[in-house]
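*Asks:* Take a look at the following structure, please.
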Amino acid sequence: MADYKAPLREMNFLLHEVFAAEKLWTKLPGLAGAVDRETADAILEEMAKLASNTLDPINRSGDEEGCHWNDGVVTTPEGFKEAYATFCEGGWGALLGNPEYGGMGMPKMLGAQVEEMITASNISFALYPVLTNGACLAIDAHASEELKQKFLPKMYEGTWAGAMDLTEPHAGTDLGIIRTKAEPREDGSYSISGSKIFITGGDQDLSENIIHLVLAKLPDAPKGPKGISLFLVPKYKVNEDGGLGESNKVNCGSIEHKMGIKASATCAMNFDGAQGWLVGEVNKGLAAMFTMMNYERLGVGIQGLGASDRSYQNALEYARDRIQSRSPAGAQQPAKAADPIIVHPDVRRMLLTQKALVGGGRALSTYVAQWLDISKFGEGDEKKNAEAMVALLTPVAKAFTTDMGLDCTVLGQQVFGGHGYIREWGQEQLVRDVRITQIYEGTNGIQALDLVGRKTVASGGALFELFAADVQKFIDRQVDRETMSEFVRPLAAELQRLREATEKMVAASQEDLHAPGAASVEYLHLFGYVAYAFMWAKVADVALDKQEVDSFYKGQVKTARFYFARLLPRTQALAASVNAGSATLMDLEEELF
Ligand SMILES: Cc1cc2nc3c(=O)[nH]c(=O)nc-3n(C[C@H](O)[C@H](O)[C@H](O)COP(=O)(O)OP(=O)(O)OC[C@H]3O[C@@H](n4cnc5c(N)ncnc54)[C@H](O)[C@@H]3O)c2cc1C
């Protein structure tokens, strides 16, 4: 497998040239003075080193060894403990944290690039800090001052890690039917009892303590999602002086043996009257979870992107090296027994599809991160508008980027032929590792329902119009630029196709209860392809005039052309499926399946 090389040039290009990040950072009231270009670049360079030198080297061995469970104790694969210690010493767990409790308060636009490098080099490792970040966000937004002071500094340090305990054996998507109970205790805390499954980092040997955020129900709670509360339940209780106290009746019953991310411990957790503290309000636990959900979901999209880029890097190196057959145009390297496979149109199709989807995904993640930053650090109408954009775009960034992530890693495997199927080259690991990103943090089917139902139909298409207005603003700015018309014209046509599909779907949903669910996944994909087209047009806008200066820009323009010519036309088939309605899906009697 090729060594991981962080795509710093691409990241800098996006941050500083396409999205003018520094200008935005200076303008945002909550960020002023916190970060400038120099700091951002230094942070990216440091993470690039950590990813290549520390995380990448234990990726394959972590997959082969996996995690161990022995009598309730979980051990991570060799090298993980040391890598985690290095990660924490570098202060990486504090990057996006609240400065009041020891965080660095950096923008998500920067965090997104950092996350990509961590996940691309070692997705299993990435999950330990990612889950801690998620727990910190929820605590910061909803917990009492006392809990924040007690837990956040140690969690930002990484001395204590976090876990999110939602899923139960009978309750995954439908959390309204969870059974874990929370009984009030006299001292104001709660006694938590129940079983959770599939808990990432539920137990591990990396941190001194594990802070579980657990969804549970009070005895008199209303039925369904409105009766769920959120509790902070540490593995070890914490004394008044901040030191670790006794064990808190939180036990790991087993770990899962699974398809991929084998170095990430996926735990069955038992809470047997463990002491917990309420986070946020009683019965508002799901809402509290949703605060961090947008960050988490974008993060999962970035996992899809990281795996795609890793697979692309390997495939590209292999395609330049592997010689098989001659080019249809005649021998390109006559001195060799055959030409490198990169000369073949079909191999180029696979590589360019990867390159175009990686570039589109990275730009979309940065674009959504930009809206997250404005919604967090901005003010007034600008902040409100950004919140709406985040709500609309998050399911697309999560589901489309991870669906494309599987496609990309499979293409990267295919470039290797049979050598991609065997373990030696690492391409099959990426396919196995990335597959989970389509499932956890809300399956991609549920993301599509969220986009269609809560975000589009429920708003009568109003949120979609916000996105459309941003695309239109870009198109209008190009009106006098002939060189951009090859991108702007099709982008305008695709925006119109998406608008028509949106309007039809909203209208159909008034008459047919199955209409949103029937259209949802294809609608999300249609949206995703148009969003990536917007991103590639933005890239071309910057790169077109600089092509002669630096071949990097030429590569960007040519990839944009490939995207528009070869991938964007997929929208035609998707729109036809969206417009087909629910009849053919629902007509077939169940016994005829
Ligand atoms: C490796 C791994 C790590 C995980 N980490 C965590 C973690 O850290 N914390 C945690 O709490 N959970 C975690 N999970 C659980 C994960 O989030 C759930 O598996 C996921 O949300 C789906 O729930 P489920 O498996 O019960 O599937 P189900 O909810 O049973 O869904 C089965 C299928 O039905 C579909 N479906 C369900 N309802 C609907 C509907 N209304 N409309 C249309 N389709 C529907 C789904 O899309 C899916 O295709 C993890 C899971 C795995 C495998």
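*Asks:* Just wondering, is there one or more residues in the stretch 76-91 that are among the polar types (S, T, N, Q), in contact (Cβ under 8 Å) with a residue 12 or more places away in the chain, in a loop (DSSP other than H, G, I, E, B) and over 23 Å from GLU379 (Cα atoms)? Give the derivation first.
*Replies:* Applying the first criterion (among the polar types (S, T, N, Q)) to the stretch 76-91 yields 76, 86.
Still in the running and in contact (Cβ under 8 Å) with a residue 12 or more places away in the chain: 76, 86.
Within this subset, residues satisfying the condition of being in a loop (DSSP other than H, G, I, E, B) are 76.
Within this subset, residues satisfying the condition of being over 23 Å from GLU379 (Cα atoms) are 76.
Within the stretch 76-91 (the criterion being among the polar types (S, T, N, Q), in contact (Cβ under 8 Å) with a residue 12 or more places away in the chain, in a loop (DSSP other than H, G, I, E, B) and over 23 Å from GLU379 (Cα atoms)), the answer is yes, since at least one residue qualifies.
*Asks:* Here's another thing I want to ask about it. ALA462 fails exactly one of the following numbered conditions: (1) surrounded by 22 or more Cβ atoms within 10 Å (Cβ to Cβ); (2) over 28 Å from SER308 (Cα atoms). What is the number of that condition?
*Replies:* It fails just one condition, (1).
*Asks:* Hey, can you tell me all the residues within the stretch 573-593 that are assigned to a helix (DSSP H, G or I) and more than 27 Å from the chain's Cα centre (by Cα)? Lay out the reasoning, then the answer.
*Replies:* Kept after step one, since they are assigned to a helix (DSSP H, G or I), are these residues of the stretch 573-593: 573-579, 583-586, 590-592.
Of everything in the stretch 573-593, those that are assigned to a helix (DSSP H, G or I) and more than 27 Å from the chain's Cα centre (by Cα) turn out to be ALA576, ASN579, ALA583, THR584, LEU585, MET586, GLU590, GLU591, LEU592.
*Asks:* Filter the stretch 123-166 down to the residues that are more than 16 Å from the ligand (Cβ to nearest atom), in contact with a Ser or Thr (Cβ under 9 Å, 6 or more places away or on another chain) and hydrophobic (A, V, I, L, M, F, W, C) and list them by number.
*Replies:* ALA141, TRP160
So that you can scan it fast, the table gives a plain yes or no per residue for (1) assigned to a helix (DSSP H, G or I); (2) not small (Gly, Ala, Ser):
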| position | (1), (2) |
| --- | --- |
| GLU441 | no, yes |
| ARG454 | yes, yes |
| SER459 | no, no |
| ALA501 | yes, no |
| ALA518 | yes, no |
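*Asks:* In addition: Is it true that LEU449 is within 15 Å of the ligand (Cβ to nearest atom), open to solvent by 50 Å² or more (accessible area, probe 1.4 Å), modelled with pLDDT of 95 or more and under 25 Å from the mean Cα position of the chain (by Cα)?
*Replies:* yes
*Asks:* For the stretch 429-443, indicate whether the set of residues that are away from the ligand (no atom under 11 Å from the Cβ), acidic (Asp, Glu) and touching a residue at least 12 places away in the same chain (Cβ under 8 Å) is non-empty.
*Replies:* Among the residues of the stretch 429-443, not one is away from the ligand (no atom under 11 Å from the Cβ), acidic (Asp, Glu) and touching a residue at least 12 places away in the same chain (Cβ under 8 Å), which makes the answer no.
*Asks:* Then there's this: Can you tell me which residue within the stretch 306-341, out of those that are without any contact (Cβ under 8 Å) to a residue 40 or more places away in the chain and of a type in the set (Gly, Ala, Ser), is surrounded by the fewest Cβ atoms within 10 Å (Cβ to Cβ)?
*Replies:* ALA335
*Asks:* Tell me the residue from ASP56, ASP63 that is in contact with a Lys or Arg (Cβ under 6 Å, 6 or more places away or on another chain), crowded, with 18+ Cβ neighbours inside 10 Å and part of a helix (DSSP H, G or I), please.
*Replies:* Answer to the selection: ASP63.
*Asks:* Which one of these does VAL410 not meet: (1) open to solvent by 50 Å² or more (accessible area, probe 1.4 Å); (2) more than 25 Å from ALA356 (Cα to Cα)?
*Replies:* The one condition VAL410 does not meet is (2).
*Asks:* Then there is this: Being under 26 Å from LYS81 (Cα atoms), in contact with a Leu (Cβ under 9 Å, 6 or more places away or on another chain) and within 16 Å of the ligand (Cβ to nearest atom) is true for just one of ILE211, ILE178, ILE197. Which residue is that? Before you say what the answer is, go through the steps one by one.
*Replies:* Values: ILE178 fails: under 26 Å from LYS81 (Cα atoms); ILE197 fails: in contact with a Leu (Cβ under 9 Å, 6 or more places away or on another chain).
Criteria check complete, one pass: ILE211.
The values are calculated or read from the model by the stated rules, or taken from the named source; none is laboratory data. Since the structure is predicted, the reported quantities are computational estimates derived from the model, not experimental observations. We place every Cβ from the backbone using ideal geometry, glycine too, and count neighbours over all the protein chains shown. The protein model used for the area step is the full one, side chains on, heavy atoms only, and it has no ligands, DNA or RNA in it. Shrake-Rupley method; radii C 1.70, N 1.55, O 1.52, S 1.80 Å.
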